Amino acid sequence: MTISTEEINEILSSKEVDSEEETTKLGARVATNRNNVVSAETLRKVQSKTLNETKDFLSRTFGPMGSNTKIIRGENQQTITSSYSKDGLHVLKNIINSGPIEASIVEELETITRAVEKEVGDGTTSTVILSAILFDKLTVLQKKYNIPPFRMSKLFKEVVDEIKEKILEDGRECTLEDIYNISMISTNGNEEVSTNIKNIYEKYGMDVDLSVGISNGVDSVLRSYDGLTITEGYSDPAFINNPVDNVCEIRDAHIYHFADPIDTPEMVALFEAIIVHNIYDPLSEDDEENPVIPTVITCPRLSRDMSSIMKKLVEFLYQYSRENAGDKPPLLIITDVVASDEVIMDDIANLSGCKTINKYIDFKLQQKDIEAGIAPTAENVWEFAGHAEVVVADNKKTKFINPACMKEDNPRYIALMNFLRNEIESAENTENANEVGKLKKRLNALNANMVDYLVGGVTVAERDMYKDLVEDAVKNCKSAALYGVGHAANFEGLINSYKETLELPDEDDKIQIIKHEIAKCLFESYVKISAVLYGTVEYNNKKVAKYIAKSIELGAPYNISNGYLPEIDDVSTDVLCSIKLDIQILDLVTKIINLMNSCNQCLLQASALNTYEQE
């Protein structure tokens, strides 16, 4: 593929807005008899202004040469603290706007981009920069063709989906050397951390479940054990009993697994019976022979009918202050176990020795199962517990460490492993690739070790700063091991959006023409974000344009981790990340733009807050 430097220069010099009026700064306007309604035109201006301001803030953290942001908290000299971070999401969380629309946009950006951080680590800054550039471009395009917002959103998504398919085709299987290279990019060239992560994958295999935490000392520590993880954490911060690490840690855990939503009077009664027997009664009786039972309850969903019960429980737990959080009753409730984790949760229940708690429709079958000891009643449901040495949950995930039956000589473990191997063989014989992939993932999870990488440092701020880097690297490696490897963030999008622009539309097909222009908007946005990245090490815009054109021609990005652009022909095959990263970024950009684009007005909380409209 070839593109000229002049074409890149033209893209970089172009403006997204089509008139001086569009760029006018919004001042506070005091109107007489105003209401709380902000018009679509004004809303678009505020959205654009806020996106671009936020883009500029985050751009200062962008890439290997991006700098730290100093974040200050506290109200006075006694409570003031500071931290340093170049993590996009961490910086975004701490941006405060006084205007209600602006504040709501930043909150939406944080909520939406958190999915990138959860899945692949990096990507928040890229998502915001791309969203800001694209939003302005698509606004102009929508006006040009007079397209209804929802029609524009649909066409935009169709183009994005086509580019995502092309990106996925570029992926390849992850190797140990890839793990090292991905870590080097994610940690800005930290060889020690990258070597440690590579060594962990080499020792424990590509399916290792690797988590990141904070060490209490100067040195980093590795800790390994058996267990399984789901990607849901505690249902409320009230369950935190270790405020230092912001986790809920339940030792000698009694695990109760509700396989169905707790949304009937009978299921609610079973839930309450566990809490009363294990927590409330022992506390009220204060009897050493009848101690509080460490309890973990998991379920797919809680109904609205449970709100009063949960409110009472949360208020009860909040009575324990941060200072005496360790005295909280050992209780953890995990709700909203998503479909992708339901099967793993079933395996956890099985290997913990749980008797699963199910919902019944057939009364006769239920009575039969009660008599057989398979179904619980409110008088014996606490006996349906499984056990694990420790269960640890934060707000994103829960680890079940050393479940009671997760041992190589345990009949349950042996039976489950044999079952999965037989199912994989059967699925392979029928050439059901999707089912084979799911079963292998499940088998690998049961085979894999769990490893904690506890990051050390001299000060708390230093440990927190390095933890952000290591966590990004670990998540990116985990995603690459699962989905495959591609070129580093935004390059896959750059290359494949360019390919999309080369597919010329039928001149008589307006829809195809609009989709082609949308693809051009995407490509031009990727060119501009590439310029932001290379601009952190090279201030000559013409040289940057030349390098972007050459990288497209040669099909690989440049490694700028040393702080400069290399020779023009020296593109790098080592600048890598999970192939899922650019796909995930495009998904979130689509959500942000389509969410904003779908609004034709805004209603503020009060008319007095409407300082946006002119008289």
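Before we move on, is ASN188 outside the structural domain of SER572 (by TED's automatic domain parsing) and on the phi > 0 side of the Ramachandran plot? The answer is yes for ASN188. What is the residue count in the stretch 598-615 for residues that are in contact with a Lys or Arg (Cβ under 9 Å, 6 or more places away or on another chain) and crowded, with 19+ Cβ neighbours inside 10 Å? So the count comes out to 2. Here VAL474 clears all of (1) aliphatic (A, V, I, L, M); (2) modelled with pLDDT of 80 or more; (3) in a helix (DSSP H, G or I); (4) more than 20 Å from the chain's Cα centre (by Cα) except the condition numbered (4). Among the residues of the stretch 233-244, some residue qualifies, meaning at least one is in a strand (DSSP E or B) and either farther than 17 Å from VAL451 by Cβ or free of Cβ contacts under 8 Å to residues at least 24 places away in the same chain (or both). Here ASP570 does not fit the description of being within 27 Å of GLY171 (Cβ to Cβ) and under 30 Å from the mean Cα position of the chain (by Cα).
Tell me the residue from TYR539, TYR498, TYR534 that is of a type in the set (Ser, Thr, Tyr), modelled with pLDDT of 90 or more and more than 31 Å from the chain's Cα centre (by Cα), please.
TYR539
GLU425 satisfies every condition listed in (1) surrounded by fewer than 23 Cβ atoms within 10 Å (Cβ to Cβ); (2) in contact with an Asp or Glu (Cβ under 8 Å, 6 or more places away or on another chain); (3) assigned to a helix (DSSP H, G or I) except (2).
Can you find, within the stretch 338-378, the residue that is nearest to ASN447 (Cα to Cα) among those that are polar (S, T, N, Q) and exposed (fewer than 15 other Cβ atoms within 10 Å of the Cβ)? By that ranking, first place goes to SER340.
Kindly establish whether ILE334 is surrounded by 19 or more Cβ atoms within 10 Å (Cβ to Cβ) and either in contact with a Phe, Trp or Tyr (Cβ under 8 Å, 6 or more places away or on another chain) or farther than 23 Å from THR295 by Cα (or both). When the stated conditions are applied, ILE334 passes them. Within the stretch 414-433, residues that are farther than 30 Å from GLY353 by Cβ sit with their Cβ atoms under 6 Å from residues that are surrounded by 11 or more Cβ atoms within 10 Å (Cβ to Cβ), at 6+ positions apart or across chains, in these pairs: GLU428/VAL436. The set of residues in the stretch 333-349 being under 24 Å from ARG304 (Cα atoms) and either at pLDDT below 85 or not in a strand (DSSP E or B) (or both) consists of THR335, ASP336, VAL337, VAL338, ALA339, SER340, ASP341, GLU342, MET345. Considering only residues in the stretch 377-391 that are among the small types (Gly, Ala, Ser) and in contact with a Pro (Cβ under 8 Å, 6 or more places away or on another chain), the one that is farthest from ALA269 (Cα to Cα) turns out to be ALA388. Scanning the stretch 399-415 for residues that are polar (S, T, N, Q) and closer than 15 Å to ASN449 by Cα turns up just one, ASN402.
Residues of the stretch 449-466 that are touching a residue at least 24 places away in the same chain (Cβ under 8 Å), out of contact with any helix residue (DSSP H, G or I) (no Cβ under 7 Å at 6 or more places or on another chain) and in a loop (DSSP other than H, G, I, E, B): VAL458 alone.
The selection criterion, being assigned to a helix (DSSP H, G or I), among the basic types (Lys, Arg), in contact (Cβ under 8 Å) with a residue 60 or more places away in the chain and over 26 Å from LEU12 (Cβ atoms), holds for LYS157. Residues that are within 16 Å of LEU469 (Cα to Cα), modelled with pLDDT under 85, in contact with a helix residue (DSSP H, G or I) (Cβ under 8 Å, 6 or more places away or on another chain) and of a type in the set (Ser, Thr, Tyr) occur at least once in the stretch 76-84.
The values are calculated or read from the model by the stated rules, or taken from the named source; none is laboratory data. Source: prediction; values computed, not measured. Neighbour counts run over all protein chains shown; Cβ positions are idealised from the backbone, glycine included.
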